1. Looking at (1) touching a helix residue (DSSP H, G or I) at 6+ places or on another chain (Cβ under 9 Å); (2) more than 17 Å from residue 198 (Cα to Cα); (3) open to solvent by less than 60 Å² (accessible area, probe 1.4 Å), which one does residue 115 not meet, given that it meets all the others?
2. Could you list all residues from region 90-107 that are of a type outside the set (Gly, Ala, Ser), open to solvent by less than 40 Å² (accessible area, probe 1.4 Å) and without any contact (Cβ under 8 Å) to a residue 12 or more places away in the chain?
3. With 120, 126 as the choices, which residue is surrounded by fewer than 19 Cβ atoms within 10 Å (Cβ to Cβ) and either within 22 Å of residue 58 (Cβ to Cβ) or more than 13 Å from the chain's Cα centre (by Cα) (or both)?
4. Is there any pair linking a residue in region 145-172 that is without any contact (Cβ under 8 Å) to a residue 24 or more places away in the chain and over 16 Å from residue 185 (Cα atoms) to one that is among the polar types (S, T, N, Q) and surrounded by 16 or more Cβ atoms within 10 Å (Cβ to Cβ), with Cβ under 6 Å and at least six apart or on different chains, and which?
5. Does any residue in region 7-22 that is part of a helix (DSSP H, G or I) come within less than 7 Å, Cβ to Cβ, of a residue that is among the aromatic types (Phe, Trp, Tyr) six or more places away or on a different chain, and which pairs are these?
6. Yes or no: residue 137 open to solvent by less than 60 Å² (accessible area, probe 1.4 Å), under 14 Å from the mean Cα position of the chain (by Cα) and within 26 Å of residue 11 (Cα to Cα)?
7. Is one or more of the residues making up region 177-189 assigned to a helix (DSSP H, G or I) and closer than 15 Å to residue 80 by Cβ?
8. Hey, does region 41-59 have a residue that's more than 17 Å from residue 166 (Cα to Cα), assigned to a helix (DSSP H, G or I), at pLDDT 95 or above and open to solvent by 50 Å² or more (accessible area, probe 1.4 Å)?
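The values are calculated or read from the model by the stated rules, or taken from the named source; none is laboratory data. The structure displayed is predicted, hence computed values, not measured ones. Reconstructed Cβ throughout: ideal geometry from the backbone, glycine too, with neighbour counts over all protein chains shown. For the accessible areas, the whole protein counts, side chains as well, though only heavy atoms, and no ligand, DNA or RNA atoms are used. Shrake-Rupley method; radii C 1.70, N 1.55, O 1.52, S 1.80 Å.
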Amino acid sequence: MNLSEVHLPYALPTVLLLAGLAAKFPTFVRSWRNPDARATWLVLLWASGVFLSVAPASIHAINTVTGVPNFAAPWSYSLLTGFSGACLAMIITWREEPSPRRRRRVRSVWAIHAGTITALWITFVLADVPEERIYDLDTYYATTPWMREHILLYLLEFLISTLVATYMIWTWIYQVGARWLKTGLLFLQTGYAFGVVYALAKLTAVAARWTGTDWDWLSTYLAPP
């Protein structure tokens, strides 16, 4: 597979996210104490970090700079987990009125995702993954002790967070009267639908490896776009 063949699915969202960050930055500076603005900016920040890190060229660069084969895996998966947490925190912040209950829910979301990120790094340290895999790491190491748990952990976390966010939007969207907010929620719901397909495709390919079946194309070719 050539790098150019898989560049676009990462390059386009990266450019759009960085443009969004730049556009929102003055608002963010002025409204840092506003939970709604802060939650939105954090989502853009985490998402930009994800797409900057998961492009094939970036993966190879991270591995090369650190000198650790596949170091990009826990790095990228941690960013993806942080992004999932930021999305849930944003939806809770948008959806609920300011209250101690809302603060507790947001803190719980961040605590759960921080714990997941910690577990990702622990499982990676315990795993033996000497061969760099840029395109097919999830399936190549699907049966490797500790890396198996590492991969399953990030995929299940992403799937569960995505399903929870989808449910929260679904139960809220019909109560929204503001046209722009409703439009934004519809776009988010569409994005989460793609997220579910991504996670299920990856999980199916990984599970196939456990049974000795090669469905790697689901992970390598279907999931990224």
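1. Unmet for residue 115, out of (1) touching a helix residue (DSSP H, G or I) at 6+ places or on another chain (Cβ under 9 Å); (2) more than 17 Å from residue 198 (Cα to Cα); (3) open to solvent by less than 60 Å² (accessible area, probe 1.4 Å): (1).
2. Start the filter on region 90-107 by keeping residues that are of a type outside the set (Gly, Ala, Ser), which leaves 90-98, 100-107.
Going one step further and asking which of them are open to solvent by less than 40 Å² (accessible area, probe 1.4 Å), we end up with 90-93, 96, 102, 106.
Scanning region 90-107 gives 96, 102.
3. Working: 120 fails: surrounded by fewer than 19 Cβ atoms within 10 Å (Cβ to Cβ).
One residue alone meets the criteria, 126.
4. That search, which allows pairs on different chains as well, returns 146/123.
5. 10/51; 13/51; 14/51; 17/51
6. So residue 137 fails the test.
7. Keep residues of region 177-189 that are assigned to a helix (DSSP H, G or I), which gives 179-189.
Then keep just the ones that are closer than 15 Å to residue 80 by Cβ; that gives none.
No, because not a single residue in region 177-189 is assigned to a helix (DSSP H, G or I) and closer than 15 Å to residue 80 by Cβ.
8. No, because not a single residue in region 41-59 is more than 17 Å from residue 166 (Cα to Cα), assigned to a helix (DSSP H, G or I), at pLDDT 95 or above and open to solvent by 50 Å² or more (accessible area, probe 1.4 Å).
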